[in-house]
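The structure under discussion appears below in the form of structure tokens.
The values are calculated or read from the model by the stated rules, or taken from the named source; none is laboratory data. All values reported here derive from a predicted model rather than from experimental measurement. Here Cβ is always computed from backbone atoms with ideal geometry, including for glycine, and neighbour counts include all displayed protein chains. When the accessible area is computed, the model is the full protein with side chains, heavy atoms only, and any ligands, DNA or RNA have been set aside. Shrake-Rupley method; radii C 1.70, N 1.55, O 1.52, S 1.80 Å.
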Amino acid sequence: MKKMIRTISICLVTAILGGAHSANAKGMPTPSQRLGQADSTEAPSFRQHIIPLLGVRGCNGRECHGSFAGKGDFQLSLFGYDFDKDHKELVDVEEGPRTNKTNPEDSLLLLKPTMQEKHRGKLRFKKGGWEYNLILNWVKNGAINDSKTTPDFDRLEVKPASLHFSAPGQSEKIQVIVHWKDGSSEDITELTRFRSNDESIATVSEDGTVTITGKGDTHVIAFYDNGVQPIPVTLPVSKLVGNAFPDIATPTKVDELIVAKLRTLGVVPSDKCSDEEFLRRVSLDLTGSLPLPSEIRAFIDDKSKNKRSNKVEELLGRNGYAAWWTTKLCDFTGNNPQNQ
């Protein structure tokens, strides 16, 4: 248990620091280029293109047809996680399909979002735009539900994998590539939902353009199909970065990762704390509880050079450590084995 938690702790710190950059893929055609032209001959995929497009335009969000009761007798699964239900709602409803295979241009799926017919959800895309043509292409090709025949999702790749800015107001556009388990891949930036964890530090537009608004660090999150990919975003809080950052000892791998993050942010760690402060902090961090008065006195009276590392090992052996960190890891993972 102790070894497992130490390993997970290092993995968490590594995730915070971000990954390495991958090969450039800017020449990869986008869905609007491949499938969103009036003369496109390739049929869009229901799972890979139609459902994600409805997601980025807000159609299956909480405030629209993805709400618990739906809107206007039309209910989609929240963010499109039930392909069969959504296809039935779009194609096979008893009161009349929202896709018209005989006259595709008369499909409600096209008329409502373009405001050719009254739509309380307001304008979602324009008639003749790439989104309109992509959906029209799907209807023309039979409005097929291919969710059981598409390859399984593998992973999302974001380029660049992390963003580092030098001044407020700077922007950079990110690219999102989906990799499927059959080895295929596609630039799906246009079909990806984005969210910033802290808009006081960074904002992100619908097309994936990240703008730094304040000092510090946060993450922009990319959502597509089964993929959720965080992208670290930083703006140093001081000029003490790179060679200007002081040399700081890093006796362990965790220390090395933490100091690397502080160097990126320009945050110089505080001087060595007192014994009382150390014991209080390490006890709270490892066991979630304060040290007893007798424990404090014994620690202060201990004159050995290794008393701090010895105290850490002692705390790691307590039952309170396993209980406290089991609770924390349950919070981190949501008790979902897919997040472990």
Query raised in the report: With contacts defined as alpha carbon pairs under 8 Å and 6 or more residues apart, what's the relative contact order of the chain in percent?
Result: 14
Report summary line: Expected sort for 164-170, 184-190 on mean C-beta neighbours within 10 Å, highest first, is 184-190, 164-170
Query raised in the report: Ranked from the most accessible area to the least, with a 1.4 Å probe and all protein chains present, what is the order of ASP301, ASP86?
Result: ASP301, ASP86
Report task. Counting helices only, and only those DSSP H runs with n ≥ 4, report the 222 nm mean residue ellipticity of the chain as the sum of -39,500 (n - 2.57) divided by its residues, in deg cm²/dmol to the nearest 500. Result -> -9500 deg cm²/dmol
Requested in this report: Can you give me the span-like helices of the chain, meaning DSSP H runs with 20 Å or more of Cα extent along the axis and Kyte-Doolittle mean at or above -0.5?
Outcome: 2-17, 319-333
Query raised in the report: Once label points are set 7 Å from the Cα along Cα→Cβ at both THR30 and ASN310, what is their separation, rounded to one decimal in nm?
Result: 6.3
Report summary line: Per the 1/(1 + (r/R0)^6) rule, R0 = 30 Å and r from the Cβ atoms of LEU78 and VAL282, FRET efficiency to 0.05 is 0.10
Report summary line: The answer for the net charge of residues other than HIS49 whose Cβ lies under 15 angstrom from its Cβ, with Lys and Arg +1 and Asp and Glu -1, is -3
Report summary line: SER283 neighbourhood, Cβ < 9 Å, K/R = +1, D/E = -1, net charge +1
**Report entry** D_trans [Stokes-Einstein, Kirkwood Rh over alpha-carbon pairs] for the range 240-299, 10 °C, 1.306 mPa s, µm² s⁻¹
**Finding:** 118
Query raised in the report: Taking the mean number of other Cβ atoms within 10 Å as a proxy for protection, how do you rank 255-264, 271-280 from highest to lowest?
Result: 255-264, 271-280
Query - Extended-chain gain in nm, criterion 0.36 nm per residue less alpha-carbon gap, GLN116 and GLU172 - result: 16.6 nm
Report summary line: Excluding near-sequence neighbours (fewer than 8 apart on one chain), the range 216-318 holds lysine pairs with C-alpha atoms under 27 Å apart numbering 16
Query raised in the report: How much accessible area does ILE296 have with a 1.4 Å probe, in Å² rounded to the nearest 10?
Result: 50
**Report entry** Viscosity 0.890 mPa s, temperature 25 °C, Stokes-Einstein D of the chain from Kirkwood C-alpha radius, µm²/s
**Finding:** 104
Query raised in the report: Non-local amide H neighbours of ARG193 (under 5 Å, H modeled in plane, Pro and chain starts lacking H): which ones?
Result: PHE223
Query raised in the report: Hey, can you rank 154-161, 303-310 by average C-beta count inside 10 Å, highest first?
Result: 154-161, 303-310
Report task. Between the alpha-carbon centers of the range 250-279 and the range 197-238, tell me the distance in whole angstrom. Result -> 25
Report task. Classify the range 80-166 as rounded, prolate or oblate from the Cα gyration tensor: take a ≥ b ≥ c as the square roots of its eigenvalues, call it rounded if a/c is under 1.5, otherwise prolate when a/b beats b/c and oblate if not. Result -> oblate
Report task. Starting at the first residue of the range 106-118, write each ³J(HN,Hα) from the Karplus equation 6.51 cos²θ - 1.76 cosθ + 1.60 with θ = phi - 60°, in whole Hz, x for Gly and Pro. Result -> 8, 5, 4, 4, 9, 5, 5, x, 8, 6, 6, 10, 3
Requested in this report: Would you mind classifying the range 211-340 by shape? Square roots of the alpha carbon gyration tensor eigenvalues, ordered a ≥ b ≥ c; an a/c under 1.5 is rounded, otherwise it is prolate if a/b is larger than b/c and oblate if not.
Outcome: oblate
Query raised in the report: In the range 264-340, how does Rg compare with the Kirkwood Rh, expressed as the Rg/Rh ratio over alpha carbon atoms?
Result: 1.08
Query raised in the report: Considering only protein heavy atoms and a 1.4 Å probe, what is the carbon-and-sulfur percentage of the accessible area of the chain?
Result: 52
